[in-house]
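Below you'll find the structure, written out as structure tokens, and then a few comments.
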Amino acid sequence: MAIVGRFEIESRQYLDLHGRALEPVPAAAREPQLLVGLYRQMVLARSFDQKMLALQRTGQLGTFASGVGKEALDIGVGSAMQRDDVLLPTYRETTLQLARGVSMLELLLYWGGDERGSDFAVPRGDFPVCITIAAHCCHAVGVAYAIKLRQQARVAVCVLGDGGTSKGEFHEALNGAGTWRLPLVFVVANNQWAISVPRKVQSAAATLAQKGIAAGIPSIQVDGNDLIAVREVALEAMARARSGGGPTLVEALTYRLSDHTTADDATRYRNADEVAEAWQREPIGRLRNYLLELGAWNKAEEEALLKSCNEQVQAAAQAYLDHPAPSPAQMFDHLHAALPAAWSAQREAAMARKTADAAGHAG
Amino acid sequence: MPQVTLVEAVNMALTRAMSEDAGVVVLGEDVGVDGGVFRATLGLLERFGPQRVIDTPLAEQLITGMAIGMAVEGLKPVAEIQFSGFAYICIDQVLNHAGRMRHRTQGRLSCPMVLRTPCGAGIHPPEHHSESPDAMFAHVPGIRVVYPSSPRRAYGLLLAAIRDPDPVVFLEPTRLYRLFKEEVDDDAKALTLDTCFTLREGSDITLVAWGAMVHDTLQAAQRLEQEGVFAEVIDVATLRPLDMDTILASVAKTGRCVIVTEAARSGSFAAEIAANLAEHGLLSLFAPIARVAAYDVVVPLSRLENVYLPDTERILAAVRKCLAFG
Ligand SMILES: Cc1ncc(C[n+]2csc(CCOP(=O)(O)OP(=O)(O)O)c2C)c(N)n1
Ligand SMILES: [Mg+2]
């Protein structure tokens, strides 16, 4: 008998639950001001998440998926990306989209049911939210192939959930990315739940990271609630991709502290103790403790930050509520580069219907 | 001008498109060294290299999905799905993503890709190799569906599809791949999409078909001419968006219409054309619209293929019934 395959999965963590360094933090995280900047982004993202929830609960926003609890993951990955890299997000990466430069107004428009929200001013090349689980993993392979073909030093970053790792498209994409050694980083945001299905029902694999091993892809696990660790692992993966070293699969461990979406009630399928325990591991307090301990942050700064975040999300919400409604023309005008003649009558009918609606409201 | 088969015309168009635009890439199963199982991509690897002529792993969702990613990123991918039965799984990517990228981002991103697949029955293959998913694709918003029926139209329409700024599903009639040759000038000239082609003018009846059935329909028209009946034959060519103007104008002239499809009858694309005729052309009609289609059954294996498929005789029978009406 011969052993013809063997693998190990490294798991990375720098900060413990209380924000104490378990080992010396990497060089890229030794600049306190950089960490403070990322901390500010995390806090702002959480304020924005809460604002979105409030808007939804008062009937002013559609169903949306909260990202509470994964701020370190999103900001860590976002901070490792460069401007002209390409992000392919799911619906739970609002914070990462913010980090990429998408505005709160654009995100609110999208979740408020208006496609104009995905026509963001920056970054022009990022993909819109993908709702069909893992379909975008295959798009990411195409993006990365195009980047490689043109010999550009850019990277595609595809984020998906633990549930997404069960899909064929994820495996097809991993396999393709491995064969062509593409500049592509897959980030599995393992928040332990896929709606009501827990991680252990999703797969018998000990880690989700090891799914990359079969595709010949360097794969690593990281504490997704440790900003320093996520950023470090993402930087390594990005550097590998950018220098022609091919793809990486990163499994980032986190926890979905919210319901699946605003249309879900997680108390139906998971117990409160588990959630309370998960709150002990949430990322923002952990980084705050670390910064306080370093002397890079203080209470007054924290208060000022919360106040400023509140003002920013308030202003964004107001801008969103004041935004003019979309025209029915929106359904037709970007269906194709130019609307085929076959549908011009339908466009006119839709426009006429708008007039009738408006008249109805006026009356 | 060379005499070429339909599959050679596809190859000519691919070669032309790849030489005029470095962004055009070809991907699929066995498209490289093997030149594709039907040889549609023959010689491309030698000429354009493995980076642009891409043998993919055996994964149809990957092929379709990565074509979408490439297109959004600015390439012009032409993806081949080896046989139509394996294109069903691609409908998800085409419907949920290719056809929506431009709309979803309000024009910020677009998806200029072509998904080619051989289509239809009549070559005695194993199961799943004789499917007609034309109506399924034709139901998808945001895409074009093109189905040539001759070498010349295959060349011109494929060039048009590749140059089009939006996604095109390009269905190729397997049965016609090598059935006959035609002179095709490799002149880089695209044909117009979104328009039917009137292949034969006539005043007595309009025969509408697409794909391989155009061939049988033309034969039926020839037979009718010997009997003194002049049939107008329209090749739909682009199923989505459908050029009803050409069909309506013809029916306004002839007053009678037979629609021929090799797909199973119920919910076939013939129904869409018939419904449009009923809505917009009812007063021109002297007789009920007739559909000649395959039966509402699973495409049989080769022994019964010829019974399943419509043929010239069935088309003629429908025409005679239509002419005899009223
Ligand atoms: C292909 C597909 N199947 C089902 C759904 C419905 N659905 C939406 S989210 C979800 C769970 C996804 O879980 P996971 O991948 O872990 O991501 P998370 O929501 O936890 O971020 C399901 C089943 C979908 N959107 N797409
Ligand atoms: Mg999950």
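Assorted remarks:
- Rounded to 5, the percent of DSSP beta bridges in chain A classed as antiparallel: 10 percent
- Accessible surface of chain A [probe 1.4 Å, protein heavy atoms]: carbon and sulfur percent: 53 percent
- Fraction of beta bridges assigned by DSSP in chain B that are antiparallel (%, nearest 5): 20 percent
- Residues of segment B:97-114 whose accessible area (probe 1.4 Å, heavy atoms of protein chains only) drops by at least 50 Å² once all protein chains are present, relative to their chain alone: B:97, B:102, B:103, B:104, B:106, B:108.
- Principal semi-axes of the equivalent ellipsoid, √(5λ) from the alpha carbon gyration tensor of segment B:1-91, are 20, 16, 12 Å from largest down.
- Rough spin-label spacing in nm, given labels placed 7 Å along Cα→Cβ, for residue B:200 and residue A:131: 4.8 nm
- Other residues whose C-beta falls under 9 angstrom from the C-beta of residue B:41 contribute a net charge of -2, scoring Lys and Arg +1 and Asp and Glu -1.
- Using only alpha carbons, segment B:19-172 has a radius of gyration to Kirkwood radius ratio (Rg to Rh) of 0.94.
- Just so you know, the averaged projected area of the alpha carbon convex hull for segment B:197-324 sits at 7.3 nm².
- Accessible surface of segment B:197-324 [probe 1.4 Å, protein heavy atoms]: carbon and sulfur percent: 54 percent
- Loop sites here are chymotrypsin sites (Phe, Trp or Tyr not before Pro) outside DSSP states H, G, I, E and B with no more than 16 other Cβ atoms within 10 Å. The longest part of chain A free of them is A:8-268.
- Förster radius 41 Å - calculated FRET efficiency between residue B:275 and residue B:188 (Cβ-Cβ, nearest 0.05): 0.60
- Low-density loop cleavage sites - GluC sites (Glu not before Pro) in segment A:5-92, where at most 11 other Cβ are within 10 Å (DSSP): A:8
- Lysine pair number, Cα distance threshold 21 Å (strictly under), the protein assembly as shown, separation 8 or more or different chains: 11
- Over segment B:117-176, the pair-distance histogram of Cα-Cα distances with 5 Å bins from zero comes to 4, 18, 26, 23, 18, 8, 3, 0 percent, rounded to whole numbers.
- Over every Cα atom in the protein assembly as shown, the radius of gyration and the widest Cα-Cα span, Dmax, amount to 28.6, 99 Å.
- In this structure the amide hydrogen of residue B:168, modeled in the peptide plane, comes within under 5 Å of the amide hydrogens of B:113, B:114, B:115, B:144, none closer than 5 places in sequence on its chain.
- Those residues of segment B:50-67 whose amide nitrogen sits under 20 Å from the label point placed on residue A:151, 7 Å along Cα→Cβ: B:50-54
- Equivalent ellipsoid semi-axes - Cα gyration tensor, chain A, angstrom: 35, 27, 20
- Area hidden from solvent between A and B (accessible, protein heavy atoms only, 1.4 Å, total, Å²): 3500 Å²
- Here the dipole of the protein assembly as shown is about 460 debye; that uses its Cα centre as origin and unit charges on the Cβ of Lys and Arg (positive) and Asp and Glu (negative).
- The radius of gyration of the Cα set in segment A:37-133, together with its Dmax, comes out at 12.5, 37 angstrom.
- Trypsin sites (Lys or Arg not before Pro) restricted to DSSP loop in segment A:134-231 with at most 14 other C-beta within 10 Å: A:150
- Paramagnetic label reach from residue A:17 (point 7 Å along Cα→Cβ; backbone nitrogen cut-off under 20 Å): within segment A:215-251, residues A:222-230.
- The Cα trace of segment B:252-320 gives Rg and Dmax of 13.4, 43 Å, the first to one decimal, the second as a whole number.
- Portion, in percent, of the accessible area of segment B:36-185 that falls on carbon or sulfur, probe 1.4 Å: 53 percent
- Between residue A:288 and residue A:84, the simple spin-label model (points 7 angstrom out along Cα→Cβ) gives 3.9 nm.
- Among A:324, A:26, A:283, residue whose mean-square fluctuation peaks in a GNM of chain A (springs only between Cα atoms under 10 Å): A:324
- The residues of chain A present an accessible area of 43 Å² per residue when probed at 1.4 Å with all protein chains retained.
- Relative contact order, percent, chain B [alpha-carbon distance under 8 Å, six or more residues apart]: 16 percent
- Bridges between two residues of the protein assembly as shown, per DSSP, are antiparallel at a rate of about 15%.
- Averaging the sequence gap over all C-alpha pairs within less than 8 Å and six or more residues apart, then dividing by the number of residues, gives chain A a relative contact order of 23 percent.
- Other residues lying with their Cβ under 13 Å from the Cβ of residue B:119 contribute a combined charge of -3, Lys and Arg counting +1, Asp and Glu -1.
- Pairs of alpha carbons in chain B whose separation is greater than 33 Å (percent): 24 percent
- Per residue, segment B:3-183 exposes 29 Å² of accessible surface when a 1.4 Å probe is rolled over the protein heavy atoms with every protein chain present.
- Where only DSSP H runs of four or more residues are counted, the protein assembly as shown gives -12500 deg cm²/dmol as its mean residue ellipticity at 222 nm, each run worth -39500 (n - 2.57).
- Cα convex hull volume per residue for segment A:1-53 (Å³): 190 Å³
- Interface residues, segment A:132-154 - accessible area loss of 30 Å² or more versus chain alone, probe 1.4 Å: A:132, A:138, A:139, A:142, A:145, A:146, A:149, A:150
- Inter-probe distance in nm under a simple model that places probes 7 Å from Cα toward Cβ, at residue A:322 and residue A:346: 3.7 nm
- Computed magnitude of the charge dipole of segment B:3-183 (debye, nearest 20; Cβ of K, R +1, Cβ of D, E -1): 540 debye
- In the protein assembly as shown, a dipole from Cβ-located charges (positive for Lys and Arg, negative for Asp and Glu) runs towards its positive end, and of A:54, B:83, A:314 it is A:314 whose Cα lies farthest in that direction.
- Length gained on full extension, residue A:3 to residue A:243, computed as 0.36 nm times the residue gap minus the Cα-Cα distance: 83.2 nm.
- In segment A:139-273, the alpha-carbon atoms span a convex hull of 112 Å³ per residue.
The values are calculated or read from the model by the stated rules, or taken from the named source; none is laboratory data. Treat the numbers as computed from the prediction; the structure is a model and nothing was measured. Backbone-built Cβ (ideal geometry, glycine too); neighbour counts: all protein chains shown. Just so you know, the surface numbers come from the protein's heavy atoms only, side chains and all, with ligands and any DNA or RNA stripped out. Shrake-Rupley method; radii C 1.70, N 1.55, O 1.52, S 1.80 Å.
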